[in-house]
Amino acid sequence: MPRPAVNVAVRAARAAGAVILRYMNRVEGLAVEEKARHDYVSEVDRMAEAEIVRELRRAFPGHAVLGEETGLTGKSDKVWVVDPLDGTHNYLRGFPHFCVSIGFRDHGDLVHAVVYDPLRDELFTASKGDGAFLNDRRMRVTKRENLQGALLATGYPYRQREHIDAQLAMTRVLLGEAEDIRRTGSAALDLAYVAAGRLDGYFEIGLKPWDMAAGCLLVKEAGGHFCDFTGNSGMPDNGNLVAGNHHVTAGIVKAIGPELTPALRS
């Protein structure tokens, strides 16, 4: 049975999902601004985040919220980490791959996770020690023992284009071992797919906490592992993330090691 906090996060995610779907066929009329080069936010992102924050504040007024659009509000060691629309680029172009991501950290530990795909009505949830679930069905990462035949996912560093040469080098070396690599445009949903066994592994440069908090816990509770590019366990402060089962994660770290620049090792 889901924890009460997860039930609250699910309500919040579904409320945000309703906003996202309501405006999906009217994206041409949405107000969109470029926060940074190649990094866009729409009024739907902001409306969806407002719905999430409203639900979380109603249930947990003393908790802090770290939102992609509003930043950190409140002071507490209990922090909700929110991406109201992960995959904004996809959404604005009508590409059907995006989600709502809500994670909860207590004194830095990942405790609860909800990733919701409103288009497919797929709800990925996890709580520390309780396992990970897709629409109430338990999820497990794949049992693949190495990179041979692996289906991986990645994202290109649009926030940090200075790393593009290293990204392409890592992609090239991994394609020499793995079956294929996907680039779908939603880190949270990619991590949920790793947890569900739809993907064997994932790597990306420069993610933000709201991109990966919920997804990392889903992977861990599905029996997987996540680390930085040098193999250090945990959610990396620099956002350079590798995730999958233990064998695939180790394989990715080993393969990309020679391609890492000093900046990606720190």
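The values are calculated or read from the model by the stated rules, or taken from the named source; none is laboratory data. Bear in mind the structure is a predicted one, so any value in this text is a computation, not a measurement. Positions of Cβ are generated from backbone atoms using ideal geometry, with glycine treated the same way; all protein chains shown enter the neighbour counts.
Could you please let me know if ARG93 is under 19 Å from VAL10 (Cβ atoms) and out of contact with any His (no Cβ under 8 Å at 6 or more places or on another chain)? Considered against the rule, which asks whether it is under 19 Å from VAL10 (Cβ atoms) and out of contact with any His (no Cβ under 8 Å at 6 or more places or on another chain), ARG93 comes out as no.
Only one of the listed residues (ASP83, ASP45, ASP39) is in contact with a helix residue (DSSP H, G or I) (Cβ under 7 Å, 6 or more places away or on another chain), modelled with pLDDT under 90 and not polar (S, T, N, Q). That residue is ASP45. You will find that of THR171, THR184, the residue that is more than 15 Å from ASN245 (Cβ to Cβ), without any contact (Cβ under 8 Å) to a residue 24 or more places away in the chain and touching a strand residue (DSSP E or B) at 6+ places or on another chain (Cβ under 8 Å) is THR171 and no other.
Looking for something basic (Lys, Arg) and more than 19 Å from TYR156 (Cβ to Cβ) - is there at least one such residue anywhere in the stretch 194-201? Yes, the stretch 194-201 has at least one match. Per the conditions (1) surrounded by fewer than 16 Cβ atoms within 10 Å (Cβ to Cβ); (2) over 18 Å from LEU21 (Cα atoms), the sole criterion not satisfied by ARG93 is (2).
State all residues of the stretch 237-256 that are closer than 18 Å to ASP109 by Cβ and within 13 Å of the chain's Cα centre (by Cα); if no residue qualifies, say none. Within the stretch 237-256, LEU241, ALA243 meet the criteria. Do we find that ARG11 is at pLDDT 90 or above, of a type outside the set (A, V, I, L, M), under 20 Å from LEU134 (Cβ atoms) and over 16 Å from the mean Cα position of the chain (by Cα) in this structure? It is true that ARG11 is at pLDDT 90 or above, of a type outside the set (A, V, I, L, M), under 20 Å from LEU134 (Cβ atoms) and over 16 Å from the mean Cα position of the chain (by Cα). Those helices (runs of 4 or more DSSP H) of the stretch 150-230 that lie entirely within it include none in which at least 3 residues are among the hydrophobic types (A, V, I, L, M, F, W, C), buried (at least 21 other Cβ atoms within 10 Å of the Cβ) and in the same structural domain as TRP80 (by TED's automatic domain parsing). Of everything listed in (1) closer than 17 Å to LEU189 by Cβ; (2) touching a residue at least 60 places away in the same chain (Cβ under 8 Å); (3) assigned by TED's automatic domain parsing to the domain that holds CYS216, the single unmet condition for PHE95 is (3). Considering the stretch 48-80, and only residues there that are in contact with a helix residue (DSSP H, G or I) (Cβ under 9 Å, 6 or more places away or on another chain) and polar (S, T, N, Q), the residue that is modelled with the lowest pLDDT turns out to be THR70.
If the condition is being among the basic types (Lys, Arg) and free of Cβ contacts under 8 Å to residues at least 24 places away in the same chain, then the stretch 98-137 contributes ARG120, ARG137. Take THR125 and decide whether it is at pLDDT below 95, under 27 Å from ALA15 (Cβ atoms) and not aliphatic (A, V, I, L, M). Criteria not met by THR125.
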